[in-house]
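Asks: My questions will all concern the structure given below.
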Amino acid sequence: MSTLVISDLHVDVLTESGPKEILKGVNLTARPGEIHAIMGPNGSGKSTLAYAIAGHPNYKITSGSVTLDGVELTEMTVDERAREGLFLAMQYPVEVPGVSVANFLRTAKTALDGEAPKIRTWVKDVEKALGNMQLDKTFSARSVNEGFSGGEKKRHEIAQLELLNPKAAILDETDSGLDIDALRVVSDGVNRFTASGDRALLLITHYTRILRYIEPTFVHVFIDGRIVDEGGRELADKLEAEGYESYVKAAAAAVA
Amino acid sequence: MSTTADTISNAAAPQAVAPNVASAIETVDSHLHPTPSWDIADHPVPHGREEIWRFTPIKRFKGLFSDEPRTDSLEWSSDLPEGVTMEPITPEQAHALSVEAPVDRVSALAAKNAAKAYHLSVAANAEIADPVILNGKGTGSAVADHVIISVGANAEATIVLHYTGSGSYAEKTDIIVGDGARLNLVTLQDWADDAVHGGQRSLLVGRDARVKTITASMGGDVVRLQENSRFAGPGGEVEAYGLYFVDAGQHVQHRLFVDHNEPHTKSNVDYRGALQGKGAHSVWIGDVLIRKEAEGIDTYESNKNLVLTDGCQADSVPNLEIETGEIAGAGHASTTGRFDDLQLFYLRSRGITESEARRLVVHGFFFDIIRRIGVPKIEDQLMEQVERELEQAAITQALES
């Protein structure tokens, strides 16, 4: 059973002109089996939340805590967090030339489990995970993300999610740039991941479109580095109809 | 990370070239391409400020500048299949068979003072299935060789020159590839730590011939190679791949010159290196000349350097001289930098430790070149060498931190 708790999280982004505060106290608890949609306009800090939790070197957690099943993550290295059970599906998956998908996945699985996967079942598992995402077998021989289309990169992220089966996952705008067919394929994968009922999921998105295929337990509205409103599915419907404008204005008024 | 990239392309390349143009090759005045000459007097001992020597540690290289007859060759051993012969020839014969005269003092001395000259010959139309492997071993003394490699018209072969051992070695090597032939030429500079190796390799690519070269420089104290390619007729293709792993105090220099002197020829140069340890120094010079008559040619050259530790220096100088715009494409790129933080972050975010992530990235960087060799045994051997270098890097890092 996996619970991800984010408490009063403050994060700076490190820029050439010095650190700049992006997250200004984020609180969120994702219990086992819950899907939390985090919605907000561009520049509100949604991706910063994802990167900071995963341990990206350009972001610095200045205060607050993130725990997974009670284990504090913020003092850990990127790979230690992953081995603790955290997964980030990235908005812009990185190309790693010369490293095959097969080698990458096997190395990751070995690192997570502390032992190499059994070859016979593993090859089948990889083929199945890729097949589920409609990526054919030849992808396992290709370099990681190199020459992949935008949609293939996103589907490759979700193939990893299914294969590595972490305790808690953050999907950072996995839906953006996907056509409707790819969106369905990706949503099916995410639903299979959460179907076990004991995984925690943060779904960061700009659009409500993906929520037609993935049923959120909670919807959070993210403005200017904070969660400013929370609700159920109906909140997403409201955002679909009205946009973020009233929230953005309220946040601006609060600052002024 | 510093990056340069330029691309020039011209889709409207004319298909026909006047037949009288090819014979009228003009002389190109350029400091990049010294005038070839067999006469030692034309190649004085360099002081180190000359354009072609300014990156070279002259003191460590000076053994190769002394004009004395060499009594020994490398100890050559090989097992030659049918259709392939290797015979001693006279210096005069070697001179007559050469692609071009020496362009620097080291190769001029190699030709003049070599104990022996050799001619490795692949018969016309021969299809040599197994790689032809020549092992050249240095036994500690100063040696020089002039080697001619000729591949007959329409022949197909893979030739591997594997250099090992100690001492100083000067070479002049000329490779003549006949019309329509295919050659895969692998050279492994796999020297012991104290070896000094310099010289010139000149490749002549026949009409419609295809040549792939892989130059791997992993060992030695100083390695400096001038690698020239030109064409004997239209339609030829050369792919030149290189890799080097430069450790503390080591100097590795590859100087490439592709002379597009014939129309509709192609060249693709891709050299990659990793540097680690104090005083590790790599130099890559990539010159491409597109002559007036070289219409419809296509060329690209790339050099990438991965700097693994502090205290290393990677010099990378691509040069493109263009005398006609009627070409299919011309470009170059050069990057030198540390590990890509995003690549490491991505790999580590999947649970892979930092050292393992670094290992994967370097593996990938080199594997991209190594997989083109086409000789499984040598591919494996080079990957193992990369692996060993990385282990050494991990040990060095552990000791320093």
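The values are calculated or read from the model by the stated rules, or taken from the named source; none is laboratory data. These figures come from a predicted structure and were not determined experimentally. All Cβ positions, glycine included, derive from the backbone under ideal geometry; neighbour counts span all protein chains shown.
Asks: Just need a number here: residues in the range B:33-72 that are surrounded by 13 or more Cβ atoms within 10 Å (Cβ to Cβ) and outside any loop (DSSP other than H, G, I, E, B).
Replies: Number of matching residues: 9.
Asks: It is to be established whether one or more residues within the range A:187-194 are at pLDDT below 95 and assigned to a helix (DSSP H, G or I). Talk me through it step by step, then tell me what you get.
Replies: Here is the first cut: in the range A:187-194, the residues at pLDDT below 95 are none.
No, the range A:187-194 has no match at all.
Asks: If you don't mind, another one. For the range A:30-46, how many residues are basic (K, R) and either modelled with pLDDT under 95 or surrounded by fewer than 19 Cβ atoms within 10 Å (Cβ to Cβ) (or both)? Outline the logic, then answer.
Replies: Pass one, the range A:30-46, residues basic (K, R): A:31, A:46.
Filter again for either modelled with pLDDT under 95 or surrounded by fewer than 19 Cβ atoms within 10 Å (Cβ to Cβ) (or both), leaving A:31.
The number of residues fulfilling the criteria is 1.
Asks: Which of the following residues is of a type in the set (A, V, I, L, M, F, W, C) and more than 30 Å from B:D259 (Cα to Cα): B:L382, B:L306, B:L320, B:L360? Please lay out each step first, then the result.
Replies: Details: B:L382 fails: more than 30 Å from B:D259 (Cα to Cα); B:L306 fails: more than 30 Å from B:D259 (Cα to Cα); B:L320 fails: more than 30 Å from B:D259 (Cα to Cα).
Testing whether each residue is of a type in the set (A, V, I, L, M, F, W, C) and more than 30 Å from B:D259 (Cα to Cα) leaves just B:L360.
Asks: Let me ask something additional. Of the residues in the range A:225-239, how many are crowded, with 19+ Cβ neighbours inside 10 Å, more than 19 Å from the chain's Cα centre (by Cα) and farther than 18 Å from A:A30 by Cβ?
Replies: The qualifying residues number 1.
Asks: Look through the range A:75-116, keep the residues that are among the hydroxyl-bearing types (S, T, Y) and buried (at least 17 other Cβ atoms within 10 Å of the Cβ), and return whichever of them is farthest from the other protein chains (Cβ to nearest Cβ). Don't jump to the end; show me each part of the working.
Replies: Start the filter on the range A:75-116 by keeping residues that are among the hydroxyl-bearing types (S, T, Y), which leaves A:77, A:92, A:100, A:107, A:110.
Now drop any that are not buried (at least 17 other Cβ atoms within 10 Å of the Cβ), which leaves A:100, A:107.
On the way: A:S100: 8, A:T107: 6 Å.
Here the residue is A:S100.
Asks: Still on this model: Could you please give the count of residues in the range A:43-55 that are at the interface with chain B (Cβ under 10 Å from one of its Cβ atoms) and out of contact with any strand residue (DSSP E or B) (no Cβ under 8 Å at 6 or more places or on another chain)? Don't jump to the end; show me each part of the working.
Replies: Keep residues of the range A:43-55 that are at the interface with chain B (Cβ under 10 Å from one of its Cβ atoms), which gives A:51, A:54-55.
If we keep only those that are out of contact with any strand residue (DSSP E or B) (no Cβ under 8 Å at 6 or more places or on another chain) as well, we get A:55.
So the count comes out to 1.
Asks: Among the residues of the range B:303-338 satisfying the criterion of being buried (at least 16 other Cβ atoms within 10 Å of the Cβ), part of a loop (DSSP other than H, G, I, E, B) and not charged (D, E, K, R), which is nearest to the other protein chains (Cβ to nearest Cβ)?
Replies: B:L308
Asks: Say whether the condition of being more than 23 Å from B:Q189 (Cα to Cα) and more than 14 Å from every other protein chain (Cβ to nearest Cβ) is met by at least one residue in the range B:268-287.
Replies: Taking the range B:268-287 and keeping what is more than 23 Å from B:Q189 (Cα to Cα), we get none.
No, there is no match, as no residue in the range B:268-287 is more than 23 Å from B:Q189 (Cα to Cα) and more than 14 Å from every other protein chain (Cβ to nearest Cβ).
Asks: Output the residue which, of all residues in the range B:276-299 that are assigned to a strand (DSSP E or B) and polar (S, T, N, Q), is surrounded by the most Cβ atoms within 10 Å (Cβ to Cβ). Spell out the reasoning first.
Replies: Taking the range B:276-299 first, the residues assigned to a strand (DSSP E or B) are B:281-290, B:298-299.
If we keep only those that are polar (S, T, N, Q) as well, we get B:282, B:299.
Numbers: B:S282: 28, B:T299: 25.
Only one residue tops the list, namely B:S282.
Asks: Additional query: Quick check on my filter: what residues within the range B:340-365 are within 14 Å of B:L306 (Cα to Cα) and more than 7 Å from every other protein chain (Cβ to nearest Cβ)? Working first, answer last.
Replies: At the first step, the residues of the range B:340-365 found to be within 14 Å of B:L306 (Cα to Cα) are B:340-341, B:343-344, B:358-365.
Scanning the range B:340-365 gives B:D340, B:L344, B:R358, B:R359, B:V362.
Asks: Whether any residue in the range A:125-133 is in contact (Cβ under 8 Å) with a residue 40 or more places away in the chain, more than 8 Å from chain B (Cβ to nearest Cβ) and either part of a helix (DSSP H, G or I) or not acidic (D, E) (or both) is what I want to check. Reasoning before the result, please.
Replies: Here is the first cut: in the range A:125-133, the residues in contact (Cβ under 8 Å) with a residue 40 or more places away in the chain are A:132-133.
From what's left, more than 8 Å from chain B (Cβ to nearest Cβ): A:132-133.
Now narrow it down to the ones that are either part of a helix (DSSP H, G or I) or not acidic (D, E) (or both): A:132-133.
Checking the range A:125-133: at least one residue is in contact (Cβ under 8 Å) with a residue 40 or more places away in the chain, more than 8 Å from chain B (Cβ to nearest Cβ) and either part of a helix (DSSP H, G or I) or not acidic (D, E) (or both).
Asks: Still on this structure, I have one more. For the range B:124-141, what are the residues that are over 20 Å from B:V211 (Cβ atoms) and at pLDDT 95 or above? Give the steps one after another, and end with the answer.
Replies: To start, the set of residues in the range B:124-141 that are over 20 Å from B:V211 (Cβ atoms) comprises B:135-141.
Selection gives B:N135, B:G136, B:K137, B:G138.
Asks: To continue, here is another question. Pull out all pairs, ordered by first then second residue, where Cβ-Cβ is under 6 Å, the residues are six or more apart or on different chains, the first lies in the range B:278-292 and is touching a residue at least 60 places away in the same chain (Cβ under 8 Å) and aliphatic (A, V, I, L, M), and the second is assigned to a loop (DSSP other than H, G, I, E, B) and surrounded by fewer than 22 Cβ atoms within 10 Å (Cβ to Cβ).
Replies: From the range B:278-292, the pairs are B:V283/B:F55.
Asks: Still on this structure, please answer the following. Out of all the residues in the range A:56-74, which are away from every other protein chain (no Cβ under 14 Å) and aliphatic (A, V, I, L, M)?
Replies: If the condition is that a residue be away from every other protein chain (no Cβ under 14 Å) and aliphatic (A, V, I, L, M), then A:I61, A:V66, A:V71 are the ones that fit.
Asks: What are the pairs, 6+ residues apart or on separate chains, where a residue within the range A:139-158 that is in a loop (DSSP other than H, G, I, E, B) has its Cβ under 9 Å from a residue that is among the polar types (S, T, N, Q)?
Replies: Hits for this filter: A:R142/A:S100.
Asks: Sticking with this one: May I ask you to say which residue of A:I204, A:I214 is under 15 Å from the mean Cα position of the chain (by Cα), among the β-branched types (V, I, T) and surrounded by 23 or more Cβ atoms within 10 Å (Cβ to Cβ)? I'd like the intermediate steps shown before the answer.
Replies: Numbers: A:I214 fails: surrounded by 23 or more Cβ atoms within 10 Å (Cβ to Cβ).
Going through A:I204, A:I214 in turn, the sole match is A:I204.
Asks: Would you check if there is a residue in the range B:362-380 being modelled with pLDDT of 95 or more, of a type in the set (A, V, I, L, M) and within 29 Å of A:D113 (Cβ to Cβ)?
Replies: no
Residue by residue, here is whether (1) out of contact with any His (no Cβ under 8 Å at 6 or more places or on another chain); (2) under 20 Å from B:I322 (Cβ atoms); (3) touching a residue at least 12 places away in the same chain (Cβ under 8 Å); (4) small (G, A, S) holds:
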residue	(1), (2), (3), (4)
B:L185	yes, no, yes, no
B:A192	yes, no, yes, yes
B:R224	no, no, yes, no
B:G249	yes, no, yes, yes
B:H260	yes, yes, yes, no
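Asks: Give the residues of the range A:129-149 that are at negative phi and surrounded by fewer than 13 Cβ atoms within 10 Å (Cβ to Cβ), sorted by residue number. Steps first, please.
Replies: Of the range A:129-149, the ones at negative phi are A:129-133, A:135-144, A:146, A:148-149.
Selection gives A:D136, A:K137, A:T138, A:A141, A:S149.
Asks: With the requirement that a residue be within 12 Å of chain B (Cβ to nearest Cβ) and more than 16 Å from A:A89 (Cβ to Cβ), what does the range A:143-159 give you?
Replies: Residues satisfying the conditions are A:S143, A:E146.
Asks: Looking only at the range B:370-385, count every residue that is surrounded by fewer than 21 Cβ atoms within 10 Å (Cβ to Cβ), within 14 Å of chain A (Cβ to nearest Cβ) and assigned to a helix (DSSP H, G or I) and tell me the total. Please lay out each step first, then the result.
Replies: Of the range B:370-385, the ones surrounded by fewer than 21 Cβ atoms within 10 Å (Cβ to Cβ) are B:371-372, B:374-381, B:383-385.
Subsequent filtering for residues that are within 14 Å of chain A (Cβ to nearest Cβ) retains B:371-372, B:379, B:383.
Add one more test, that the residue is assigned to a helix (DSSP H, G or I), and what stays is B:379, B:383.
Total meeting the criteria: 2.
Asks: Another question, then. Here are the criteria: (1) surrounded by fewer than 21 Cβ atoms within 10 Å (Cβ to Cβ); (2) touching a strand residue (DSSP E or B) at 6+ places or on another chain (Cβ under 9 Å); (3) on the phi < 0 side of the Ramachandran plot. Tell me which single one B:N154 does not satisfy.
Replies: (3)
Asks: Just a yes or no: is a residue in the range B:163-173 among the basic types (K, R), under 20 Å from the mean Cα position of the chain (by Cα) and in a strand (DSSP E or B)? It would help to see each step written out before you state the result.
Replies: So the first thing to find is which residues in the range B:163-173 are among the basic types (K, R), and the list is B:172.
So of that shortlist, the ones also under 20 Å from the mean Cα position of the chain (by Cα) come out as B:172.
Checking the rest, the ones that are also in a strand (DSSP E or B) come to B:172.
Yes, there is a match, as at least one residue in the range B:163-173 is among the basic types (K, R), under 20 Å from the mean Cα position of the chain (by Cα) and in a strand (DSSP E or B).
Asks: What strands (runs of 3 or more DSSP E) lie completely within the range A:12-72 and have 2 or more residues being farther than 20 Å from A:A236 by Cβ? Give the derivation first.
Replies: Numbers: elements: A:18-30, A:35-39, A:59-68.
Ranges flagged: A:18-30, A:59-68.
Asks: Based on what the data block shows, is B:G273 surrounded by 22 or more Cβ atoms within 10 Å (Cβ to Cβ) and under 22 Å from A:G98 (Cβ atoms)? Walk me through how you get there before you give the answer.
Replies: On the way: surrounded by 22 or more Cβ atoms within 10 Å (Cβ to Cβ): yes; under 22 Å from A:G98 (Cβ atoms): yes.
Yes.
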